[in-house]
1. From the list Ala64, Ala48, which residue is among the aliphatic types (A, V, I, L, M), at negative phi and modelled with pLDDT under 90?
2. Applying the selection to segment 15-43, what residues are out of contact with any His (no Cβ under 9 Å at 6 or more places or on another chain) and hydrophobic (A, V, I, L, M, F, W, C)?
3. Only one residue in Thr18, Thr38 is assigned to a helix (DSSP H, G or I) and in contact with a Lys or Arg (Cβ under 9 Å, 6 or more places away or on another chain). Which one?
4. Check segment 10-29 and report whether any residue there is within 21 Å of the chain's Cα centre (by Cα) and surrounded by fewer than 10 Cβ atoms within 10 Å (Cβ to Cβ).
5. All but one of (1) part of a helix (DSSP H, G or I); (2) surrounded by fewer than 10 Cβ atoms within 10 Å (Cβ to Cβ) hold for Ala2; which doesn't?
6. Would you check which residues across segment 47-57 are part of a helix (DSSP H, G or I) and open to solvent by less than 80 Å² (accessible area, probe 1.4 Å) and list them?
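The values are calculated or read from the model by the stated rules, or taken from the named source; none is laboratory data. All figures in this text were calculated on a predicted structure; none of them were measured in a lab. Here the Cβ positions follow ideal geometry from the backbone for every residue, glycine too, while neighbour counts run over all protein chains shown. Areas reflect the complete protein model, heavy atoms only, side chains present, ligands, DNA and RNA absent. Shrake-Rupley method; radii C 1.70, N 1.55, O 1.52, S 1.80 Å.
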Amino acid sequence: MATTLRLSPELQARVKETAAREHRSEHAVIVEAVERYTSDRDRRRDAALARVLERDKAILDALA
C-alpha cells in the first residue's frame, strides 16, 4: 500500500538525521517508528482492558 506522509520540515530533518546516523533509509526509520507506536498502543489498550476486567469482575460476573 502506498501512502503519502507529510512531515513538518523539523520532523523530516530529524528522520533524515536518524537515518544517516544509523545508516538506514528514511523509510525504514519511519516504518520502525510506526511499528513501535502501534505496538505500544496495543499493549496499553490490553493493560487498560485487563485493569477494567479485574476491577469490575464482580459486576461482570453478575451480568453474565
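1. Just a single option satisfies the conditions, and that option is Ala64.
2. Correct list: Val15, Ala20, Ala28, Val29, Ile30, Val31, Ala33, Val34.
3. Thr18
4. Within segment 10-29 (the criterion being within 21 Å of the chain's Cα centre (by Cα) and surrounded by fewer than 10 Cβ atoms within 10 Å (Cβ to Cβ)), the answer is yes, since at least one residue qualifies.
5. (1) is the only condition that Ala2 fails.
6. Within segment 47-57, the first condition is being part of a helix (DSSP H, G or I), and the residues that meet it are 47-55, 57.
Residues satisfying the conditions are Ala47, Ala48, Ala50, Val52.
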